[in-house]
């Protein structure tokens, strides 16, 4: 774990663009390691917060951690699986990693689990990559430069297409709310109920961000605590695709600054920034 004890140089958009392909390769390799694990025979441990961690989490984390240390040793990296030594605030630029988002989905035998990798600059996600290896998909984006969906087969990129969020439905047309399959909460339900006409789309992990970014869902609210590594990559991708991420009051989120466990109290991913209110 690299620690940010002082200010680090901030990586701009042009420099980040050069990182996209090598970072995508790391996400592909980490995803391949996850799907190679035998879910029936794998070891499952419990963290202090009660959430599961498996050998798949650790294998993916090792691939990404070693890869980042080799390719970009000057950039600090914070991972869910190596968070104890971290000492915020993080200045300049740093990587934020969730090597296996949706571990519950993975353990349950479902395909909606992801590898999340983000580059945060000046407390805002600039670059994000979400790999869904069991679905053969990667969503990635660079703020100011657009977002893409990649199709992956046999460890290689087979197709790349630009993606964009869609305008919020008008005139009483139904709109789609991406919701968590495993982490429901009363505040989020009340938020959706207050906006009649919603069609709930239950999904696991950061796949929900990908659906918003590609225009398959209009909004993804979670008005309950989560962690920065769960949402940083999705934040960058949705923003790059034309959307916006805010708290419940429409304010921007900041990353790497909190000293209480990198908690995000709440967020809403809006496909259409004009719908923020």
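For segment 167-198, the set of residues classified as touching a residue at least 40 places away in the same chain (Cβ under 8 Å) and under 22 Å from residue 230 (Cβ atoms) consists of 176, 177, 178, 179, 180, 181, 182, 183, 187, 191, listed by residue number. Within the set 204, 210, 215, 242, the sole residue that is surrounded by 24 or more Cβ atoms within 10 Å (Cβ to Cβ) and either over 16 Å from residue 141 (Cβ atoms) or modelled with pLDDT of 95 or more (or both) turns out to be 210. Among the residues making up segment 83-93, those that are modelled with pLDDT under 85 and over 17 Å from the mean Cα position of the chain (by Cα) are 84, 85, 86, 87, 88, 89, 90, 91.
Comparison of 256, 250 shows that the only residue that is out of contact with any helix residue (DSSP H, G or I) (no Cβ under 8 Å at 6 or more places or on another chain) and assigned to a loop (DSSP other than H, G, I, E, B) is 250. Just so you know, in segment 144-155 the residues that are surrounded by fewer than 21 Cβ atoms within 10 Å (Cβ to Cβ) and without any contact (Cβ under 8 Å) to a residue 60 or more places away in the chain include one that is farthest from residue 236 (Cα to Cα), and it is 154. In the set 221, 169, 196, only one residue is at pLDDT below 95, touching a strand residue (DSSP E or B) at 6+ places or on another chain (Cβ under 8 Å) and not assigned by TED's automatic domain parsing to the domain that holds residue 140; that residue is 169. Residue 262 satisfies every condition listed in (1) closer than 24 Å to residue 77 by Cα; (2) at pLDDT 95 or above; (3) touching a helix residue (DSSP H, G or I) at 6+ places or on another chain (Cβ under 8 Å) except (2). Of note, residue 141 satisfies the criterion of being buried (at least 21 other Cβ atoms within 10 Å of the Cβ), at pLDDT 95 or above, closer than 24 Å to residue 269 by Cα and in contact with a helix residue (DSSP H, G or I) (Cβ under 9 Å, 6 or more places away or on another chain).
Condition first: out of contact with any strand residue (DSSP E or B) (no Cβ under 7 Å at 6 or more places or on another chain), modelled with pLDDT under 90 and part of a loop (DSSP other than H, G, I, E, B). Can you find one or more residues in segment 54-72 that meet it? Scanning segment 54-72, I find no residue that is out of contact with any strand residue (DSSP E or B) (no Cβ under 7 Å at 6 or more places or on another chain), modelled with pLDDT under 90 and part of a loop (DSSP other than H, G, I, E, B), so the answer is no.
For every residue, the table says whether it meets (1) over 14 Å from the mean Cα position of the chain (by Cα); (2) surrounded by 17 or more Cβ atoms within 10 Å (Cβ to Cβ); (3) over 17 Å from residue 263 (Cα atoms); (4) not assigned by TED's automatic domain parsing to the domain that holds residue 243.
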| position | (1), (2), (3), (4) |
| --- | --- |
| 70 | yes, no, yes, yes |
| 74 | yes, no, yes, yes |
| 78 | no, yes, no, yes |
| 95 | no, yes, no, yes |
| 113 | no, yes, yes, yes |
| 121 | yes, yes, yes, yes |
| 124 | no, yes, no, yes |
| 129 | no, yes, yes, yes |
| 135 | yes, no, yes, yes |
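On the basis of being crowded, with 16+ Cβ neighbours inside 10 Å and in a loop (DSSP other than H, G, I, E, B), does residue 182 make the cut? Taking the combined requirement at face value, the residue does not satisfy it.
The values are calculated or read from the model by the stated rules, or taken from the named source; none is laboratory data. Being a predicted model, the structure only gives us computed values, none of them experimental. Here the Cβ is made from the backbone with ideal geometry for all residues, glycine too, and neighbour counts use every protein chain on show.
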